[in-house]
Amino acid sequence: MAEELKVVVFSLAHEEYGIEVEKVKTIERMTPITRVPKTYDFIKGVINLRGVVVPIIDLRGRFGLPESEFTDQTRIIIVTHQELEVGFIVDAASDVMDINEDSIEPAPEVVGGIQAKYLRGVAKIGDNRLLIMLNLTEVLHKSEIVKLEQLEV
Amino acid sequence: MDLNQYLSMFIDEANDHLQALNEHMLELESRPDDVSIVQVIFRSAHTLKGMSATMGFEDLASLTHEMENVLDLVRNNQLAMDEFIFDALFKSLDALEAMVADITAGGAGKADVTQIVVALQSIVRGDYKHADSAATSEQQQAEDDADTLDEFQRSILEQSVEAGLHVYHMRVQLREDCVLKAARAYMVFQVLGPHGEVVKSTPPAQDIEQDKFDGSFHVFFVTTTEAAVLEKEVGTVSELESVHVTSLGLEDIKQWNDRIQALSGKQEVAATAVVEQQAAPQNGSAPANAAAGGMKEDPAATSAKTIAATANKAVQNRTIRVDIDRLDVLMNLLSEMLIDRVRLEKIAGDLKQNELTETVEHLTRVSSDLQNIVLKMRMVPIDVVFNRFPRMVRDLAKSLDKKVDFVITGADTELDRTVIDEIGDPLVHLLRNAVDHGIEPISDRIAAGKSETGTVNLRAYHNGNHVFIEIEENGRGINRELVLNKAMKNGIVTQEKAASMSDEQVYQLLFASGFSTAEKVSDVSGRGVGLDVVKSKITSLGGHVIIESKLGHGTKFIVQLPLTLSILSAMLFRLGNEKYAIPLTSIVETGMVSKQQIRRLHGGMRMIDYRDSVIPLLSLSALFDCTEYSDFQEEEIEIIIVRKGERLAALAIDDFIGQSEIVLKPLGNYLKSVPGISGATILGDGQVALIVDPNALLK
């Protein structure tokens, strides 16, 4: 039997993406971000999420997409995955929807400029809507963090 | 019943009991004749046994049971502690610890403890040392209150029969008009004494001694003498109503318990004893019965002992255990509240309404009290770290064949939980070091005109915002030349440099990685690992180590630690619109320098004069890639002078905000380590400020 998945849908550079709802802790509006020096450009810094300091990743930057101004629609999706807690800056968070596991197909090599390894697959919903499922393990891959640790002052 | 929910409680308590057992055993070792300590140990062991049985950890329960048997003899003065017994008991403790550790790790707590059990049993039988058996036989073993045999007693009786000895069950009834029942009973035991050994008496000997019996008692007796002879001899004691001696065979012993249960209603005399004793468990607590359920032991005895233990506990234990994570959550909620408080204060200030202002002021007071309490809750006495050391030092001294007095002071000194968790290992290294390297072998000490027993002092105390832990020993002291020679051989220092080094600098060489002055690699140390780890660990906790030493007189390691890692006094400052904090502990002073005072070296490094020396001026804005501020254009630069060990440096900043107590927060797993940043804190306005790690800047 194919399993039903509940996903949070958000948009980034005119594409729609999905993250399993159980990995999403909350969705926040933009709050002031404290820059952390000597990290990657796509790490925007840290925020105070109700007393917990959470690092914030600009997903556009992470995927090498051109960065854009933050708007009223900009959201921070707080994601918990394998003991990592991070926030993703996305253009907008629009919906929660059920999709069928079967409808997820392997991602084509390049989707909107994003490397396929970051993607779990593409789900077809409705007639012409495509939902790109994120592969969080790759997006938050440790090797990037290891590289950070090697930076010298 | 689902026992899993009690598992963590069980583990905590088991560890507590093991710790207590260890401590008291050590205490007993120094005062082997103090029966009151044995009582305490016995109670701990007994509770542990009950707990384990309830939780279904049979191996744990049966090993503690064997220990209990030994301890029981000791507390009834039937057995004197000696080295063999101590070793066997310590070994049992180790095995118990291993089992509990296994349970903690998710195992079933099983272990092969046959050897230990054999040793313990041989102690109880007295045949580990034959000379002892005569002494034990004079008195009787007091075990259970009812007439049932426990597994252990049964096995003794069975073995005795197999060994060709006679096993008798003797029932003695005193006359109604007997005046001194206890004395008569004592005489009976006196008569029995030379003939063999009382394995069990009902009621127990101590009750009989205190006249707590109703005129009859039973003994299980192992002897070579014939029944008739015994009966006759015992009969010579006056004021006895009757003496019945029944010879027991193997089968009788095996079926004894069943028979007793079947007979308990009919056999009048036995019944009185049993009923009287069984009144106790009904008043007693149900858990005590449940605890005994796993063991073939008489419930009356169990509950009586358990009640005693609980009563004792109620006095000492006015605490509850809280998961540290919950305290963290509480702390987070509190810091959120503090942020809202600041906002409220601002709103109240704007609105200028008396009632509101008063309420907010009250809220402010309450919340700062709350904050204090939550912070205090995280403080733990350093005892929890120290308490495992006496045992370690004992074992170490023993294995090295040295004599060491270990003295702990200030075990009640409180430290933040986070520091406590980290400090154990470094202290272990330092203590091992003190016993192995510091204290000389006995012969050397005598040759040096010292007492043969060395002393290791472990002290903890507060001083200002720091906790000091000292490990001092009166051993051989550090030989400066030896250290320097070794350092030069390893290429750590050059000959010229060596000559000009202060003693303190020389001693710090010991912390160099791979450094060891031990000529021989022993089991304990000398492999050159350890002290460098100690140093880096303590440094990572924001503390440092100082060594003082006098050749021939001993060495003192002083570890200085911050009181807490989660709250620290810091200086807040700005770089453009970014706010940062720097721990006050590493700040020497703050000040200003004008552009003219800055000198440039060839490499472009900026230096300033400070007191009598020249120190580097680091640009924080450049190090942190600040876009909005750069100190290079400023005419006057605010500086913070920071220290790491001997080295000083000035950090150029934009502006001071002020001094403040800040709550240290990690940056999260994703940003585990960022160079130059040790963490973050949340300011009153809800903003996150980063905490600068001066140690990383002063490499």
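The values are calculated or read from the model by the stated rules, or taken from the named source; none is laboratory data. These figures come from a predicted structure and were not determined experimentally. Please note: Cβ atoms are built from the backbone with ideal geometry, for glycine as well, and neighbour counts cover all protein chains shown.
Residue-level check: of (1) surrounded by fewer than 18 Cβ atoms within 10 Å (Cβ to Cβ); (2) in contact (Cβ under 8 Å) with a residue 60 or more places away in the chain; (3) of a type in the set (Gly, Ala, Ser), B:Ser201 misses just (1). Condition check for B:Lys644 on (1) at pLDDT 85 or above; (2) closer than 30 Å to B:Leu458 by Cβ: one failure, at (1). Looking only at residues in the range B:142-191 that are closer than 22 Å to B:Gly249 by Cβ, touching a Lys or Arg at 6+ places or on another chain (Cβ under 6 Å) and surrounded by 15 or more Cβ atoms within 10 Å (Cβ to Cβ), the one that is modelled with the highest pLDDT is B:Gln153.
Looking at B:Leu568, B:Leu561, can you tell me which residue is at pLDDT 80 or above and either part of a helix (DSSP H, G or I) or not basic (Lys, Arg) (or both)? Only one candidate qualifies: B:Leu561. Tell me whether the range B:577-595 contains one or more residues that are surrounded by fewer than 19 Cβ atoms within 10 Å (Cβ to Cβ), within 30 Å of B:Leu334 (Cα to Cα) and out of contact with any strand residue (DSSP E or B) (no Cβ under 8 Å at 6 or more places or on another chain). The answer is yes, given that some residue of the range B:577-595 is surrounded by fewer than 19 Cβ atoms within 10 Å (Cβ to Cβ), within 30 Å of B:Leu334 (Cα to Cα) and out of contact with any strand residue (DSSP E or B) (no Cβ under 8 Å at 6 or more places or on another chain). Out of the range B:195-212, which residues are at pLDDT 75 or above and in a helix (DSSP H, G or I)? Matches in the range B:195-212: B:His195 only.
Every listed requirement among (1) more than 8 Å from chain B (Cβ to nearest Cβ); (2) of a type in the set (D, E, K, R); (3) part of a strand (DSSP E or B) is met by A:Glu85 save one, (1). Count of the range A:15-48 residues, restricted to those that are in contact (Cβ under 8 Å) with a residue 24 or more places away in the chain, closer than 19 Å to B:Asp685 by Cα and surrounded by fewer than 22 Cβ atoms within 10 Å (Cβ to Cβ), is 4.
In the range A:12-29 there is no residue matching the filter, namely being within 14 Å of chain B (Cβ to nearest Cβ), aliphatic (A, V, I, L, M) and in contact with a Gly (Cβ under 7 Å, 6 or more places away or on another chain). If only residues of the range B:205-220 that are under 22 Å from B:Arg154 (Cβ atoms) and out of contact with any Lys or Arg (no Cβ under 9 Å at 6 or more places or on another chain) are counted, the one that is surrounded by the fewest Cβ atoms within 10 Å (Cβ to Cβ) is B:Asp207. Restricting attention to the range B:330-361, the residues that are assigned to a helix (DSSP H, G or I) and over 21 Å from B:Glu661 (Cβ atoms) add up to 11. Return yes or no: is B:Leu21 within 29 Å of B:Phe406 (Cβ to Cβ), in contact (Cβ under 8 Å) with a residue 24 or more places away in the chain and either touching a strand residue (DSSP E or B) at 6+ places or on another chain (Cβ under 6 Å) or buried (at least 22 other Cβ atoms within 10 Å of the Cβ) (or both)? When the stated conditions are applied, B:Leu21 passes them. Could you tell me which numbered condition B:Asn577 fails, if it satisfies all but one of (1) within 30 Å of B:Val663 (Cβ to Cβ); (2) away from chain A (no Cβ under 14 Å); (3) in contact with an Asp or Glu (Cβ under 7 Å, 6 or more places away or on another chain); (4) modelled with pLDDT under 90? For B:Asn577, the exception is condition (2). Checking every residue in the range A:62-73 against the condition of being within 14 Å of chain B (Cβ to nearest Cβ), touching a residue at least 12 places away in the same chain (Cβ under 8 Å) and in contact with a Ser or Thr (Cβ under 9 Å, 6 or more places away or on another chain) gives zero matches.
Only one of the listed residues (B:Val404, B:Val366, B:Val374) is touching a Gly at 6+ places or on another chain (Cβ under 9 Å) and either surrounded by fewer than 18 Cβ atoms within 10 Å (Cβ to Cβ) or β-branched (Val, Ile, Thr) (or both). That residue is B:Val404. Applying the condition of being aliphatic (A, V, I, L, M) and surrounded by fewer than 16 Cβ atoms within 10 Å (Cβ to Cβ) to the range B:419-477 and asking which residue is nearest to the chain's Cα centre (by Cα) yields B:Ile446.
Take the conditions (1) more than 24 Å from B:Val663 (Cβ to Cβ); (2) in a helix (DSSP H, G or I); B:Val404 misses just one of them, which is (2). Residue-level analysis places B:Asn317 outside the set of residues that are more than 14 Å from chain A (Cβ to nearest Cβ), surrounded by 15 or more Cβ atoms within 10 Å (Cβ to Cβ) and at pLDDT below 70.
Counting only residues that are of a type in the set (D, E, K, R) and either outside any strand (DSSP E or B) or within 12 Å of another protein chain (Cβ to nearest Cβ) (or both), which one in the range B:610-636 is surrounded by the fewest Cβ atoms within 10 Å (Cβ to Cβ)? Only one residue fits best here, namely B:Asp612.
If you go through the range B:662-699 and keep only what is assigned to a loop (DSSP other than H, G, I, E, B) and touching a Gly at 6+ places or on another chain (Cβ under 7 Å), you end up with B:Leu664, B:Pro666, B:Leu667, B:Asp693. Within the range B:588-609, the set of residues being aliphatic (A, V, I, L, M) and assigned to a strand (DSSP E or B) comprises B:Val588, B:Met592, B:Val593, B:Met607, B:Ile608. State yes or no: is B:Leu601 more than 30 Å from B:Asn332 (Cβ to Cβ), surrounded by 12 or more Cβ atoms within 10 Å (Cβ to Cβ) and away from every other protein chain (no Cβ under 12 Å)? Against the criterion (more than 30 Å from B:Asn332 (Cβ to Cβ), surrounded by 12 or more Cβ atoms within 10 Å (Cβ to Cβ) and away from every other protein chain (no Cβ under 12 Å)), B:Leu601 does not qualify.
Inside the range B:645-699, residues that are surrounded by fewer than 17 Cβ atoms within 10 Å (Cβ to Cβ), within 10 Å of chain A (Cβ to nearest Cβ) and in contact (Cβ under 8 Å) with a residue 12 or more places away in the chain make up a count of 2. Of everything in the range B:345-364 that is more than 15 Å from B:Gly684 (Cβ to Cβ) and β-branched (Val, Ile, Thr), the residue that is nearest to the chain's Cα centre (by Cα) is B:Thr359. If you scan the range B:422-479, which residues turn out to be of a type in the set (Ser, Thr, Tyr) and farther than 15 Å from B:Asp405 by Cα? B:Ser443, B:Tyr461 - these are the residues of the range B:422-479 that are of a type in the set (Ser, Thr, Tyr) and farther than 15 Å from B:Asp405 by Cα. Any residue at all in the range A:98-117 that's more than 30 Å from B:Leu327 (Cβ to Cβ), in a strand (DSSP E or B) and within 14 Å of chain B (Cβ to nearest Cβ)? Within the range A:98-117, not a single residue is more than 30 Å from B:Leu327 (Cβ to Cβ), in a strand (DSSP E or B) and within 14 Å of chain B (Cβ to nearest Cβ). Here A:Val54, A:Val46 are screened, and the one residue that is at the interface with chain B (Cβ under 10 Å from one of its Cβ atoms), outside any loop (DSSP other than H, G, I, E, B), farther than 15 Å from B:Glu578 by Cβ and in contact with a strand residue (DSSP E or B) (Cβ under 6 Å, 6 or more places away or on another chain) is A:Val54.
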